[in-house]
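The values are calculated or read from the model by the stated rules, or taken from the named source; none is laboratory data. Treat the numbers as computed from the prediction; the structure is a model and nothing was measured. A quick note on method: Cβ atoms are made from the backbone with ideal geometry, for glycine too, and the neighbour counts reach across all protein chains shown.
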Amino acid sequence: MARVKEGLFRLSRTITFSESGGGNACTARKASFVGSVGPGRTFGSKLRKRCENAPLGIGVVYELSPDFLWYDGFSTWINVIYNRVPGFIYDENHKFWVDGLPEHFIDAVKVTPRSETALQHPYDLEDFLLPDNFWGVPVFIRDSTEATLDSPILEENFTCFKNVVNIIRSFGVKVVVAVYPQHPGYAQTGAFGVYGPRRSYAKDIIDSVKKMDVILFDENKFGAHDYTDKMAYNVDHLSTSGAKQFTHRLDSLLSKLSK
């Protein structure tokens, strides 16, 4: 659910689910997570250091959100989250804790005061899941025709995406590219999803990714998926039930890769 760009890890549009309780526990033993990366010339060096200083497991799960490729990092990450959440800068200043966390660090985080007025839903560190709701009606935050193939933002973001894949593969680690489900009703429109782009453009991007040295884990399938109304929180986020199905399938894939 958390929309985080240019940090080392991001999961969006779903929350991984584990019956043992931990949000990412089901897959964390097998892989690391890297999310859709916005523009940022320093990200490649940060990721390389991360790969050099901490084990990535058998693979890296890398989110592909074609609609986000037309958004710059400042408007979607730096200005909205990074500059307003002290924890990101704090972690960055401590090199993302590659040498391990201090004693009682997690206990201290658990008791950190939170602004209740800013919370849409109650949560804790062991259960950060969206409630079951429904897909609703397909909506459009941005006209899909605004996203053009000659966009310099698209070029920079997709170049960054490919660079991340190349860096991870250079360490001999498998890359699983995950495409998250959105409202199946978008299949009846000209848009890939809530933020666009045109479906034909999204198909070209996904086809390009298929040609890379990656494993595509496409759970959206341009709307031809089996995530029911109960499994959705809104048009582009899975609920607890949807996250459970998504994660069990991803876990099954990672288990096969580990053999």
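Could you go through the stretch 196-207 and let me know if any residue there is assigned to a strand (DSSP E or B) and surrounded by fewer than 23 Cβ atoms within 10 Å (Cβ to Cβ). Show your work before the answer.
Applying the first criterion (assigned to a strand (DSSP E or B)) to the stretch 196-207 yields 198.
Retained after the next criterion (residues that are surrounded by fewer than 23 Cβ atoms within 10 Å (Cβ to Cβ)): 198.
For the stretch 196-207, residues assigned to a strand (DSSP E or B) and surrounded by fewer than 23 Cβ atoms within 10 Å (Cβ to Cβ): present.
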Test Ile168 against the stated conditions and say whether it is β-branched (Val, Ile, Thr), at pLDDT below 90 and either touching a Leu at 6+ places or on another chain (Cβ under 9 Å) or closer than 30 Å to Lys259 by Cβ (or both).
yes
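If a residue must be farther than 15 Å from Pro131 by Cβ and crowded, with 22+ Cβ neighbours inside 10 Å, how many such residues does the stretch 231-246 contain?
Step one: filter the stretch 231-246 for residues farther than 15 Å from Pro131 by Cβ, giving 235-236, 245-246.
Filter once more, keeping what is crowded, with 22+ Cβ neighbours inside 10 Å: 236, 246.
So the answer is 2.
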So Ala224, is it under 24 Å from Asn166 (Cβ atoms) and at pLDDT 95 or above:
no
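Identify all residues within the stretch 228-259 that are without any contact (Cβ under 8 Å) to a residue 60 or more places away in the chain and either under 14 Å from Lys174 (Cα atoms) or within 18 Å of the chain's Cα centre (by Cα) (or both); write none if there are none.
Pass one, the stretch 228-259, residues without any contact (Cβ under 8 Å) to a residue 60 or more places away in the chain: 228, 245, 249, 252, 256, 259.
The answer is Gln245, Arg249, Lys256, Lys259.
At positive phi and outside any loop (DSSP other than H, G, I, E, B): is that true of Phe222 in this structure?
yes
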Those residues of the stretch 75-104 which are assigned to a helix (DSSP H, G or I) and among the aliphatic types (A, V, I, L, M), in sequence order:
Ile78, Val80, Ile81, Ile89
